Amino acid sequence: MRVYIRTYGCKVNQVESEELAARLVAEGHELVRDEDQAQLYAVNSCTVTGEADAKVRKGVRHAALLPNVEQVLVTGCAAVMHADQLRELSEKVVIADRETGNVPPALGSVFHTRVPVKVQDGCENFCNYCIVPYARGASRSAPMSELVSRVAALAAKGTQEIVLTGINIGRYHDLETGANLAALIRALHEQGGIHRIRLSSIEPPDVTDELCALLAEGVLCEHLHIPLQSGSDEVLKAMGRHYTAAEFTAAIKRVRAAAPQAAIATDVIVGYPAETDADFEATYNFCQASAFSKIHVFRFSPRVGTPAATLPPLDPQMVAARAARLRELSTELAASYAQSQRGRTLEWVVERLDPLTDQATLTSREHLSMRISAADHVQGELLSLPFDMMKSVRGDFPETSIPSLSEA
């Protein structure tokens, strides 16, 4: 059967899409790049915001109308939370069983030079605005011995970098050895043989001295994504977040003491129902002072079933204006960070080669990107080059498709 896979949402979903793709290939199915050729159209869904839900519904309706599609397989968080509503979109819709959807993950390595490795799933934080714990369930971790074996196999195939992913990877806990995330990272580096290890995201309370020591040693790539959500203590408390602005600042200071050149990106939610003008200004000023390398800005989206969904919303135009201001700041901060790295010799991996333009796209340990001539270079090659802002690449890929993930 010819299969096309569309992925929405987070990096965990991307990993799970790769696992699904690998499973289907192993079973003899053919992955296609052209959705018009697909007989089975798989939608790996996201439900983190109302906008995400709307995109998924639109995607499912679109898939069902394609002339060759016989079934639309929907998996992911929206499939868990909204199965009945999704089934009503078309007779072709089939809802996947998340519990039986796992496949041998090492098969997914064929799709990336930088390979995502899922180490954990689930979350028990239950922030007042977030539906993910209800969709993903309790925190659970992959056995460290299995992860080390998988990573060693990837290294043997020439993989230069892995990205550890999960819903709340700071909660990683190996049941057999009691190893935490830092112990896992060290094991993957020493026993798995991977030179570059990156984290997808880490919560502020989990930015420990032990983790920062790995940054200082160069075991971890000098790039962390630490979600802030708000720079106001009052809003953080209303959100049910488990830290203060001062504690977040302390976490950043630990990172920069260990790795002064590290890039630190973050998430911010704008327009939470408790957010006043003063709260927003506190967030804006906090972000400015923190010198993030990037801010992912989200407008608050009420999710039915969460405590925040019952709160009176703020004026949408005001929220949009706040979000626009923060995105402008993000652009300024990203440029400032890039400028700070200008001319600095960095370690790069050749992510992909474009035969049409004869260009090679490189990614540094700090998650900067740059394009150079592809002449005499191969995918996966490590290079040591100064960062040239004139050759830099910037862009987001919130929605990707398998098998074209290697193009994203």
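Read-outs: derived from the displayed coordinates by stated rules, not from any lab. On a predicted model such as this, the values are computed, not experimentally measured, just so you know. Note: ideal-geometry Cβ built from the backbone for every residue, glycine included; neighbour counts use all protein chains shown.
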Taking every DSSP beta bridge that has both residues in segment 106-340, what percent is antiparallel when rounded to the nearest 5?
10 percent
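Quote the relative contact order of segment 13-92 in percent (integer), defining contacts as alpha-carbon pairs under 8 Å separated by 6+ residues. Write down the numbers at each step before the final one.
Numbers: 81 pairs, mean separation 24.7, N = 80.
Over segment 13-92, the number comes to 31 percent.
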Please give the Cα centre distance for segment 201-218 versus segment 344-380, rounded to the nearest Å.
27 Å
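Within the set of other residues whose C-beta is less than 12 Å from the C-beta of Leu236, count the net charge using Lys and Arg as +1 and Asp and Glu as -1. If you can, show how the numbers build up before the last one.
Values: positive: Lys237, Arg241; negative: Asp233, Glu234, Glu247, Glu275, Asp279.
Here the count lands on -3.
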Over all Cα pairs of segment 234-360, the Kirkwood radius sets Rh, and Rg/Rh then becomes 1.07
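Write down the percent of antiparallel bridges among all DSSP beta bridges whose residues are both part of the chain, to the nearest 5.
Details: 23 of 59 bridges.
So the antiparallel bridges amount to about 40 percent of the total.
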Pairs Lys11/Lys253; Lys11/Lys58; Lys58/Lys237; Lys157/Lys294; Lys55/Lys294; Lys157/Lys253: which are spaced more than 29 Å apart, C-alpha to C-alpha?
Lys58/Lys237; Lys157/Lys294; Lys157/Lys253
Over 10 Å intervals from 0, what percent of Cα-Cα pairs in segment 284-329 sits in each interval?
23, 42, 30, 5
Checking the a/c ratio against 1.5 first, then a/b against b/c, what shape does the Cα gyration tensor give for segment 2-100?
oblate
Spherically averaged projected area in nm², based on the convex hull that wraps the Cα atoms of segment 106-340
13.0 nm²
With an 8 Å cut-off on Cα pairs and a minimum separation of 6 or more residues, tell me the relative contact order of the chain in percent.
14 percent
Would you mind getting the Kirkwood hydrodynamic radius of the chain from its Cα pairs, rounded to one decimal in Å?
22.2 Å
